[in-house]
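Working notes, beginning with the structure itself.
The values are calculated or read from the model by the stated rules, or taken from the named source; none is laboratory data. This is a predicted model, so every value here is computed, not measured. Reconstructed Cβ throughout: ideal geometry from the backbone, glycine too, with neighbour counts over all protein chains shown.
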């Protein structure tokens, strides 16, 4: 019997930084299973407060740390025979052994905790990295009210989610917004898109601007600098669960204002509007087909620009020659470029 044909003819996984949890989800001495990139990881916080991420399967007899395991000091204890592994993946204790085998190691990964979010660095080789987490420009978490957080598991490729942001015609067809206009920029290692549009709500036409900062598929964010009486920030991370499903994590913050309680009211309005449009998109996303060579018209130019940017982050394929263009941002656009 033939294997089912893949829905996509592009690689399932990308490389770079990805948000895998929120700080609030992981207390001191706690373990959390993380299922991403077709495998299981154990995320844990040691008694020293620092976070670690290791492969979830014990190399001894295959037990999963996250299924009954616990934190002992700053290491994870296996639930089966109490072997303990630290944040570097090294076995640091076997209670009944005089000598720890050299092969008593599990894969470990670079993690960074910042802005109330927990990130991992991931590439196909399972490398650790000394590279810093990308910065979020002009952002100070103390200037914002407590975040609202959302996580969705969707049957879709991450590229589809990101190109949806620059697919101007769908905002009118699906959500009833005015047709947005997009201006594209390249700023160092990121693709920047300034989008302006409007929507009719509560008997009024509300005009808004969104600044998209696309750094990596797992690390991008949006500023809303011109909301009625305030500003907002959304961090977005697209993380493949496996070859079919994707986790999309969103963190919404509204900047504090001088009017007591107004920021929370604005946050509730943005949440309502964002979730409404997201659910409308999700119904289409989970059932659509992927066309690598779509039939496009003159109003669809942004989609192919986004795909070209996204492609640099795909993990290397076994049957493809090494690419020298990785992360080159060779977008073929002059900064800025208006959407046609």
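Residues in the range 29-48 that are surrounded by fewer than 18 Cβ atoms within 10 Å (Cβ to Cβ) and farther than 26 Å from residue 238 by Cα: 29, 47, 48.
Just wondering, is there one or more residues in the range 256-271 that are touching a residue at least 40 places away in the same chain (Cβ under 8 Å) and assigned to a loop (DSSP other than H, G, I, E, B)? Among the residues of the range 256-271, at least one is touching a residue at least 40 places away in the same chain (Cβ under 8 Å) and assigned to a loop (DSSP other than H, G, I, E, B), which makes the answer yes. When 62, 73, 52 are checked against the criterion of being surrounded by 19 or more Cβ atoms within 10 Å (Cβ to Cβ), more than 30 Å from residue 8 (Cα to Cα), free of Cβ contacts under 8 Å to residues at least 60 places away in the same chain and in the same structural domain as residue 21 (by TED's automatic domain parsing), a single residue qualifies: 52.
Is it true that some residue in the range 28-46 is modelled with pLDDT of 95 or more, part of a loop (DSSP other than H, G, I, E, B) and over 30 Å from residue 246 (Cα atoms)? No; the residues of the range 28-46 include none that is modelled with pLDDT of 95 or more, part of a loop (DSSP other than H, G, I, E, B) and over 30 Å from residue 246 (Cα atoms). Restricting the range 275-316 to residues that are assigned to a loop (DSSP other than H, G, I, E, B) and in contact with a strand residue (DSSP E or B) (Cβ under 7 Å, 6 or more places away or on another chain) leaves a set whose member that is modelled with the lowest pLDDT is 286. Residue 115 meets all of the listed conditions (1) outside the structural domain of residue 245 (by TED's automatic domain parsing); (2) under 19 Å from residue 216 (Cα atoms); (3) out of contact with any helix residue (DSSP H, G or I) (no Cβ under 9 Å at 6 or more places or on another chain) but one, namely (3). Only residues that are assigned to a loop (DSSP other than H, G, I, E, B) and more than 23 Å from residue 191 (Cα to Cα) were counted in the range 112-128, giving 6. Residues that are surrounded by 17 or more Cβ atoms within 10 Å (Cβ to Cβ) and assigned to a strand (DSSP E or B) were ranked within the range 93-111; the one that is farthest from the chain's Cα centre (by Cα) is 108.
If we scan the range 134-148, do we find a residue that is assigned to a strand (DSSP E or B), closer than 30 Å to residue 263 by Cα and either without any contact (Cβ under 8 Å) to a residue 24 or more places away in the chain or under 18 Å from the mean Cα position of the chain (by Cα) (or both)? Yes, there is a match, as at least one residue in the range 134-148 is assigned to a strand (DSSP E or B), closer than 30 Å to residue 263 by Cα and either without any contact (Cβ under 8 Å) to a residue 24 or more places away in the chain or under 18 Å from the mean Cα position of the chain (by Cα) (or both). Is at least one residue of the range 157-164 in the same structural domain as residue 225 (by TED's automatic domain parsing), at pLDDT 95 or above, in a helix (DSSP H, G or I) and over 15 Å from residue 282 (Cβ atoms)? Yes, the conditions are met somewhere in the range 157-164. Of everything listed in (1) at pLDDT below 90; (2) more than 30 Å from residue 37 (Cα to Cα), the single unmet condition for residue 257 is (1).
Regarding the range 176-188, can at least one residue be identified that is part of a strand (DSSP E or B), buried (at least 21 other Cβ atoms within 10 Å of the Cβ) and modelled with pLDDT of 90 or more? Within the range 176-188, none of the residues are part of a strand (DSSP E or B), buried (at least 21 other Cβ atoms within 10 Å of the Cβ) and modelled with pLDDT of 90 or more.
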